[in-house]
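This report concerns only the one structure given below.
Readers should treat all values here as calculations from the given coordinates under stated rules, not as data from a laboratory. Please read these numbers as outputs of a predicted model, since none were measured by experiment. Cβ placement follows ideal geometry from the backbone for every residue including glycine, while neighbour counts extend to all protein chains displayed.
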Amino acid sequence: MSNLTYTTDADGPAVSAPPPAAASPVGWWLGPGPTQAADPSALADALSDIRHPLYLLEPEGAAPAIGRGGVVQLGGEDRPTAEAIALLAQAPPIHPGQLGDAGFRADHRVRLAYMTGAMANGIASAELVEAVSRGGMLGCFGAAGLSVGEIERAIDRLQSNLGDQPFCFNLIHSPNEPRHEWAVADLYIRKGIRLVEASAYLDLTPAVVRYRLHGIRQQADGRVVTPNRIIAKASRIEVARRWFSPPPPAMVEQLLRDGQIDRHQAQLAARVPMAEDLTAEADSGGHTDNRPAVTLLPTLLALRDRLATEHAYDRPLRVGAAGGIGTPEAAAAAFAMGAAYIVSGSVNQACRESGSSDLVRRMLAETEQADVIMAPAADMFEMGVKLQVLKRGTMFAMRAAKLYEVYRACDGIDQIPATDRAALEKTIFRASLEQVWQRTSAFFSEREPDQVARAETDPKHKMALVFRWYLGLSSRWANDGEPDRQIDYQVWCGPAMGAFNEWTRGSFLADPAQRDVVTVAWNILFGAAVCTRAQILRSQGAALGAVPLRLEPRTRGQLAEVMR
C-alpha cells in the first residue's frame, strides 16, 4: 500500500506524484458509484462539497481516486469482493449546523452554534442583531455605555421586529456605576429579556445575581427552572469558577432581606449555576487579558467538568470560544478543542450593519494583525484595567496612556504641572479642564449622581472623571465618524480583524461595503466545515500536502442552499 503526497514547484502547485494516501486501508469501498482521479483540484472540490461523503480510494494497480456514492465496509484485512476497492480515508458530510454543541443550539433556538458578541455603545446594533437572528444565529445587542433610555428603545425595536426569535442583550460590570448596572438589570427584568451576555465582570454583583434569580421556581417534577439565562464571558479561572458555581449565599440572603426573592427561591438558588454557558474570552478586542485560546479553552473545559461533578447540576454546563475568531481555520480549531459555540466580535464591527461609521469600517478593512494595542479602559480607568484597540490610523492609545500617567502622578487637577495641563487641554480635550468638568458633571448628575458628590470631596476622583470624558467620547466619535476627531478614535479591535483581512484579500469581502454580518458568519462556518473534513482525512493518515481547501469567500446566494 503506497503512502504518497503532493509536491510543488517554483511555478506553483504541480502534481509530480499521485495524491495523498494512507499507509494502510481503513476498510473497503464497494460500488456502484463513480470514481475520479484524486488530483489536488478534484480533492479540493470534494472537500468543499460538504453535503456528501468523501471516500479516498486506492484501486489496485492504479493511482488514488475519489469515490462518489457506493457502500463502505469498515475494517477487515481481506477484500470482501473482487470489485471492492481499498478505502484509505473517509470524511462524512458535515453541515455547519452540526458544528458545536447541539444543546446550545436547542436551548437558544438557533440553527448554528455561532454568536455575535456585544460590542458596546450600540456597535452591535439592533440592525446587526436582527440580521444575525434571521440568519439562524444568536446576536447580542451592545448595551454597554448606553443610557437606560437608549437600551429600552433597542429592546422595543427588537421585541417588535423579531418577536420570539432569539436575541440577547449585554449586561456589563460597572464597578464605578453600580446604580446604572442595577437600573439596566432592572430594565431587562421589567421588559422580559430572558437572555443576557454578562461581560467584564471581575466579581459577581447584586445586580447580575438578582437578574439570574428573578422568577426562579420548582416544577412539579422537582426540576428547578430559571427563566433568566446568562452567557458569561471570562478569561480568568477564578472568575469562571464564580459563573459555574451557584449564586453567592451572602448576596442571595441580601436579596431575600430586600424582598427581591422569597425564602423558597433563596433555597433553590443553591441548585443552579450562575451561568450555564461560559465564553472563554481569549485575545479579543475591547476588554481582554490577551489569553491564548489554545491554553484558555482547555483550562475552562476542565473547570467545567470539575464543577459539574462537584455541584451535581441537573443541566449541562457549556464552554464557548471567543477572541481570534476571524477565519474558518480559527473556528474549526475552536470546535475541535471542544467549544460548544463560537463568538465573533471584531469582524462584525467591520460589517455594514454595525453601529460604527463608514470611516471606521474602512480603517478596519486595512488592519493587519499587529495593528492593535492595549489602552486604558474608560469604565475601569482608576483600576488600571486595559482593553485592546486599533493602533493604526489613530493616536487614542498613546493619548489615553498619557492621561493614565498623569492620573497616577497627580492627586488632582490642580496638581497637574502647568505645561502638562496646557498640552492636555490643547491636544486631547480641546477645551479647558474646567469646561470638561462642567460637561462631565452634567452627565453623571443624571446617570450616577453619587459620582459627582464623591468628586466634590475627592480631587483625584474628579480628575479621573474628567479624564474618562475623553475615553468615553472617543468611542462615540468613532461611531459617529466625526471627521475632525479621527486621530482620537477609540476602535475596539483584536488581531482577528487582521486575520480576516488576510483571508479575504482579493475577494469581494475585501471591500467593507460588501461585508454583511450573515455572509461573514456563514463563510466562517462553511469554511470550518471544510477544514474539519480535511482534518478527518489527515487523522486517518492522508497527507494532504498542497491540496487547496477552497476557503475563498462565497456570496450569500452561493451559500444559501448549503446553509439551510
*Where both residues lie in the chain, what percent of DSSP beta bridges are antiparallel, nearest 5?*
55
*Which of Gln415, Cys351, Gln388 sits farthest toward the positive end of the charge dipole of region 343-430, with +1 on the Cβ of Lys and Arg and -1 on the Cβ of Asp and Glu?*
Cys351
*Where does each of Lys191, Lys426, Lys391 land when they are ranked from fewest to most other beta-carbon atoms within 10 angstrom?*
Lys426, Lys191, Lys391
*Under-5 Å amide H pairs with Leu171, H placed in peptide plane, nonlocal only*: Glu197, Ala198, Ser199
*asked:* With θ taken as phi - 60° and the coefficients 6.51, -1.76 and 1.60, list the Karplus ³J(HN,Hα) couplings across region 242-253 in order, rounded to whole Hz; mark glycine and proline as x.
replied: 5, 6, 8, 9, x, x, x, x, 5, 5, 4, 5
*Charge dipole of region 97-356 about the Cα centre (unit charges at C-beta), most positive-ward option of Leu99, Gly324, Pro249*: Pro249
_Sorted by Cβ density within 10 Å, fewest first, the residues Val294, Val110, Val562, Val372_ = Val294, Val562, Val110, Val372
*Positive-end residue, region 368-488 charge dipole about Cα centroid, Cβ charges, pick of Leu473, Met463, Pro376*: Pro376
*Non-local amide H neighbours of Arg515 (under 5 Å, H modeled in plane, Pro and chain starts lacking H): which ones?*
Arg352
*asked:* Based on alpha-carbon centroids, what's the gap between region 167-193 and region 95-116 in Å, whole number please?
replied: 26
*Across the chain, how many lysine pairs, 8 or more apart or on two chains, come within less than 28 Å at their alpha-carbon atoms?*
14
*About the Cα centre of the chain, how large is the charge dipole given +1 on each Lys and Arg Cβ and -1 on each Asp and Glu Cβ? Please answer in debye to the nearest 20.*
900
*For Tyr114, residues with placed amide H under 5 Å, excluding near neighbours*: Leu138, Ile342
_Charges at C-beta only: +1 for Lys and Arg, -1 for Asp and Glu. How large is the resulting dipole of region 368-488 about its Cα centre, in Debye rounded to 20?_
240
*Starting with the fewest neighbours, write out Met463, Met383 ranked by other beta-carbon atoms found within 10 Å of each beta-carbon.*
Met383, Met463
*Quick one: of the DSSP bridges fully inside region 140-252, what percent are antiparallel, nearest 5?*
15
*For region 260-265, what does the Karplus curve 6.51 cos²θ - 1.76 cosθ + 1.60, with θ = phi - 60°, yield as ³J(HN,Hα) per residue in whole Hz, taken in order and with x for Gly and Pro?*
7, 9, 9, 4, 5, 5
*Residue-by-residue Karplus 3J(HN,Hα) for region 109-125, coefficients 6.51, -1.76, 1.60, Hz, glycine and proline x*: 6, 10, 8, 10, 7, 9, 10, 9, x, 8, 6, 5, 6, x, 4, 7, 7
*Which value in deg cm²/dmol, rounded to the nearest 500, describes the helix-derived mean residue ellipticity at 222 nm for the chain, given -39,500 (n - 2.57) per DSSP H run of n ≥ 4 and division by the residue count?*
-12500 deg cm²/dmol
